[in-house]
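Student: Dumping the structure here so I can ask a few things about it.
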Amino acid sequence: QVQLVESGGGLVQAGGSLRLSCTASGFMFSLTPMGWYRQAPGKERELVSRIGFDGNTKHADFVRGRFTISRDNAKKAVYLQMNNLKPDDTAVYYCWAFSRSVEYWGQGTQVTVSS
């Protein structure tokens with residue numbers, strides 16, 4: 001059974017930082033593309049960052065060097081370091097995995113950035 005469990009969300013002031021973590025189980029983590037998406041109230045879910053099994057990364061334009069995605073295959077974990085957060089970054093952040101042609105999602109973690 002695939003499980004993705006996020007942690008690390010919270011309330012932070014504009015300009016602050018947060019580090020999201022996602023631990024995974026139930027699939028071959030080291031061979032699986034992983035990523036982070038987010039969904040703000042009234043908006044569609046959107047890509048934040050992805051990281052391939054080979055370490056290659058892809059970021060949304062709004063990241064603009066503020067966020068860093070990384071993975072630790074030994075710990076079966078993916079991380080999102082978010083710096084210089086802005087109120088527009090307020091959203092529920094979801095961990096994503098793509099295994100055997102199926103997308104999997106975590107339950108989400110709330111990130112709220114106050115101005």
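Student: So for the chain, taking the charge dipole from beta-carbon charges (+1 Lys/Arg, -1 Asp/Glu), which of 115, 28, 84 sits furthest toward the positive end?
Tutor: Most positive-ward Cα: 28.
Student: On the protein heavy atoms, probe 1.4 angstrom, tell me the percent of accessible surface of the chain carried by carbon and sulfur.
Tutor: After summing per-atom areas, the C and S share lands at 47 percent.
Student: For the stretch 77-115 and the stretch 1-73, what is the separation of their C-alpha centers, rounded to whole Å?
Tutor: When both Cα centres are located, 5 Å separates them.
Student: Let me ask another. Okay, which of the stretch 44-76 sit inside 19 Å, backbone N to the point 7 Å along the Cα-Cβ direction of residue 19?
Tutor: Answer for this model: 49-51, 65-76.
Student: Moving on to the next point. So how do 1-8, 41-48, 80-87 stack up, highest first, on mean other-Cβ count within 10 Å?
Tutor: For the peptides 1-8, 41-48, 80-87, the packing ranking is 80-87, 1-8, 41-48.
Student: Quick one: compute the contact order of the chain, relative version, from alpha carbon pairs under 8 angstrom and 6+ residues apart, as a percent.
Tutor: Relative contact order, the chain: 36 percent.
Student: Same structure, new question: Determine the dipole magnitude for the chain: charges of +1 sit on the beta-carbon of Lys and Arg, -1 on that of Asp and Glu, nothing else is charged, the reference point is the Cα centre, and the result goes in debye to the nearest 20.
Tutor: Its charge dipole is roughly 140 debye.
Student: Still on this model: In whole Å, largest first, what are the principal axis extents of the Cα atoms in the chain?
Tutor: 41, 25, 22
Student: Further, regarding this structure: Can you pull the one-decimal nm distance between simple spin-label points at residue 2 and residue 86, each 7 Å off the Cα toward Cβ?
Tutor: 3.2
The values are calculated or read from the model by the stated rules, or taken from the named source; none is laboratory data. This structure is a prediction, so every number in the text was calculated from the model and none was measured. All Cβ positions, even for glycine, are placed from backbone atoms using ideal geometry, and neighbour counts span all protein chains on display. Just so you know, the surface numbers come from the protein's heavy atoms only, side chains and all, with ligands and any DNA or RNA stripped out. Shrake-Rupley method; radii C 1.70, N 1.55, O 1.52, S 1.80 Å.
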